[in-house]
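The values are calculated or read from the model by the stated rules, or taken from the named source; none is laboratory data. It should be emphasised that the depicted structure is a prediction, and the values quoted were computed from it without experimental measurement. In this analysis, Cβ positions are derived from the backbone assuming ideal geometry, glycine residues included, and neighbour counts consider all displayed protein chains. Surface accessibility is based on the protein's heavy atoms, side chains included, excluding ligands, DNA and RNA. Shrake-Rupley method; radii C 1.70, N 1.55, O 1.52, S 1.80 Å.
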Amino acid sequence: MVKIGAVRRLALSLPEASEKGHHGMPSFRIGDRIFATVPDNDHLHVMLGPDEVDLAVKTAPEAFEELRWGRQLAGVRVNLAVAERELLEVLLNEAWRRKAPRRLTRLLEGPGPTGNDR
(Lines give C-alpha, C1' and ligand atoms only; values in the text may rest on other atoms or scores of the structure.)
Protein backbone atom coordinates (compact mmCIF):
# COMPACT_ATOMS: atom_id res chain seq x y z
CA MET A 1 0.00 0.00 0.00
CA VAL A 2 1.25 3.46 -0.90
CA LYS A 3 -0.26 6.56 0.67
CA ILE A 4 -0.79 9.69 -1.41
CA GLY A 5 1.67 11.59 0.80
CA ALA A 6 4.40 9.11 -0.14
CA VAL A 7 3.50 9.51 -3.82
CA ARG A 8 3.82 13.26 -3.47
CA ARG A 9 7.24 12.96 -1.78
CA LEU A 10 8.50 10.52 -4.45
CA ALA A 11 7.32 12.68 -7.34
CA LEU A 12 8.60 15.94 -5.89
CA SER A 13 11.99 14.42 -5.05
CA LEU A 14 12.76 14.23 -8.78
CA PRO A 15 14.91 17.08 -10.16
CA GLU A 16 12.89 20.25 -10.87
CA ALA A 17 9.56 18.44 -10.37
CA SER A 18 6.62 20.57 -9.28
CA GLU A 19 2.98 20.11 -8.39
CA LYS A 20 0.24 22.10 -10.11
CA GLY A 21 -3.48 21.73 -10.66
CA HIS A 22 -4.78 20.09 -13.82
CA HIS A 23 -8.55 20.06 -14.46
CA GLY A 24 -9.27 20.04 -10.73
CA MET A 25 -6.69 17.43 -9.77
CA PRO A 26 -3.05 17.65 -8.69
CA SER A 27 -0.45 16.93 -11.35
CA PHE A 28 3.28 16.41 -11.13
CA ARG A 29 5.31 18.12 -13.80
CA ILE A 30 8.74 18.77 -15.12
CA GLY A 31 8.46 22.25 -16.56
CA ASP A 32 5.01 22.30 -18.15
CA ARG A 33 5.03 18.59 -19.03
CA ILE A 34 2.87 16.31 -16.87
CA PHE A 35 4.35 12.98 -15.80
CA ALA A 36 1.66 11.96 -13.27
CA THR A 37 -1.76 13.05 -12.00
CA VAL A 38 -3.79 12.30 -8.87
CA PRO A 39 -7.47 11.75 -9.79
CA ASP A 40 -8.33 10.80 -6.17
CA ASN A 41 -6.58 9.65 -2.98
CA ASP A 42 -6.75 5.99 -4.02
CA HIS A 43 -5.29 6.22 -7.54
CA LEU A 44 -2.45 7.71 -9.50
CA HIS A 45 -2.09 8.13 -13.26
CA VAL A 46 1.50 7.71 -14.45
CA MET A 47 2.32 8.72 -18.03
CA LEU A 48 4.40 5.96 -19.62
CA GLY A 49 5.18 4.42 -22.97
CA PRO A 50 3.66 1.16 -24.22
CA ASP A 51 6.59 -1.04 -23.12
CA GLU A 52 6.49 0.25 -19.55
CA VAL A 53 2.70 -0.03 -19.40
CA ASP A 54 2.86 -3.63 -20.61
CA LEU A 55 5.55 -4.54 -18.08
CA ALA A 56 3.69 -2.93 -15.16
CA VAL A 57 0.36 -4.54 -16.03
CA LYS A 58 1.95 -7.98 -16.50
CA THR A 59 4.00 -7.65 -13.30
CA ALA A 60 1.14 -6.57 -11.02
CA PRO A 61 -2.27 -6.58 -12.75
CA GLU A 62 -4.04 -6.00 -9.43
CA ALA A 63 -2.12 -2.74 -8.98
CA PHE A 64 -1.78 -1.43 -12.55
CA GLU A 65 -4.13 -1.12 -15.49
CA GLU A 66 -3.85 0.58 -18.84
CA LEU A 67 -4.76 4.26 -18.85
CA ARG A 68 -6.28 5.42 -22.11
CA TRP A 69 -7.41 8.78 -23.41
CA GLY A 70 -9.88 7.72 -26.04
CA ARG A 71 -8.04 5.08 -28.06
CA GLN A 72 -4.58 6.37 -27.16
CA LEU A 73 -2.57 4.55 -24.50
CA ALA A 74 -1.40 7.25 -22.08
CA GLY A 75 0.13 5.30 -19.19
CA VAL A 76 -1.03 3.31 -16.18
CA ARG A 77 -3.73 3.81 -13.59
CA VAL A 78 -2.29 2.78 -10.24
CA ASN A 79 -4.41 1.29 -7.45
CA LEU A 80 -2.43 2.65 -4.49
CA ALA A 81 -4.03 0.21 -2.03
CA VAL A 82 -2.16 -2.72 -3.61
CA ALA A 83 0.79 -1.12 -5.42
CA GLU A 84 4.31 -1.79 -4.18
CA ARG A 85 6.31 1.33 -3.44
CA GLU A 86 9.46 0.10 -5.20
CA LEU A 87 7.75 -0.55 -8.53
CA LEU A 88 5.78 2.68 -8.30
CA GLU A 89 9.03 4.57 -7.71
CA VAL A 90 10.56 2.99 -10.82
CA LEU A 91 7.52 3.95 -12.89
CA LEU A 92 7.48 7.54 -11.60
CA ASN A 93 11.18 7.86 -12.41
CA GLU A 94 10.59 6.57 -15.93
CA ALA A 95 7.61 8.89 -16.45
CA TRP A 96 9.72 11.84 -15.26
CA ARG A 97 12.59 10.80 -17.54
CA ARG A 98 10.27 10.64 -20.56
CA LYS A 99 9.17 14.26 -19.99
CA ALA A 100 12.37 15.85 -18.65
CA PRO A 101 14.75 17.88 -20.80
CA ARG A 102 17.92 16.12 -21.86
CA ARG A 103 20.11 18.27 -19.58
CA LEU A 104 18.31 16.79 -16.55
CA THR A 105 18.16 13.20 -17.70
CA ARG A 106 21.93 13.29 -18.24
CA LEU A 107 22.38 14.30 -14.61
CA LEU A 108 20.57 11.18 -13.44
CA GLU A 109 22.24 8.89 -15.98
CA GLY A 110 25.75 10.00 -15.01
CA PRO A 111 28.80 9.81 -17.23
CA GLY A 112 28.99 7.32 -20.07
CA PRO A 113 31.30 4.27 -20.09
CA THR A 114 34.33 6.38 -21.10
CA GLY A 115 33.79 8.79 -18.24
CA ASN A 116 32.58 11.51 -20.60
CA ASP A 117 29.13 13.01 -20.40
CA ARG A 118 27.11 12.35 -23.55
(message) If I model region 39-98 as equal point scatterers sitting on the Cα atoms and use the Debye formula, what is log10 I(q)/I(0) at q = 0.23, 0.30 Å⁻¹?
(response) -0.88, -1.44
(message) To make sure I understand the rule: partners must be lysines, Cα under 25 Å from the Cα of residue 20, and not fewer than 8 residues away in the same chain. Which ones qualify?
(response) 3, 99
(request) Compute the distance in nm between two label points, each set 7 Å from the Cα along the Cα-to-Cβ direction, one at residue 82 and one at residue 41. (result) 2.1 nm
(request) Quick one: net charge around residue 2, please, counting Lys, Arg +1 and Asp, Glu -1 for every other residue with C-beta under 11 Å from its C-beta. (result) 0
(message) Counting C-alpha atoms alone, how compact is region 23-67: give Rg to one decimal and Dmax as a whole number, in angstrom.
(response) 11.5, 32
(message) Given R₀ = 41 Å, what would the calculated FRET efficiency be for residue 68 paired with residue 103, taking r from the Cβ atoms and rounding to 0.05?
(response) 0.85
(request) Report, ordered by chain and residue number, the lysines lying within cross-link reach of residue 58, taken as a straight Cα distance under 19 Å and ignoring same-chain residues fewer than 8 apart. (result) none
(message) Can you give me the long-range amide H partners of residue 75? Hydrogens built in the peptide plane at 1.01 Å from N, cutoff under 5 Å, separation of 5 or more residues or another chain.
(response) 48, 67
(message) From the phi angles alone, apply the Karplus equation (6.51, -1.76, 1.60; θ = phi - 60°) to region 66-81 and give each ³J(HN,Hα) in whole Hz, x where the residue is Gly or Pro.
(response) 4, 10, 10, 10, x, 8, 7, 6, 10, x, 10, 9, 9, 8, 5, 5
(message) With every protein chain kept in place and ligands, DNA and RNA left out, what is the accessible area per residue of the chain? Probe 1.4 Å, answer in Å².
(response) 59 Å²
(request) Tell me which residues come under 5 Å, amide H to amide H, from residue 22 once H is placed; ignore anything under 5 positions away on its chain. (result) 27
(message) Between residue 13 and residue 51, what's the calculated FRET efficiency when r is the beta-carbon distance and R0 is 25 Å? Round to 0.05.
(response) 0.55
(request) With a 1.4 Å probe and every protein chain kept in, tell me what percent of the accessible surface of the chain is carbon plus sulfur. (result) 50 percent
(message) Using the crude model of +1 on Lys and Arg Cβ and -1 on Asp and Glu Cβ, and no other charge, please compute the dipole size for the chain relative to its Cα centre, in debye to 20.
(response) 500 debye
(request) Taking percent of Cα pairs over 21 Å apart as the quantity of interest, determine which of [x] 51; [y] 36; [z] 41 was computed from the displayed structure. (result) [y]
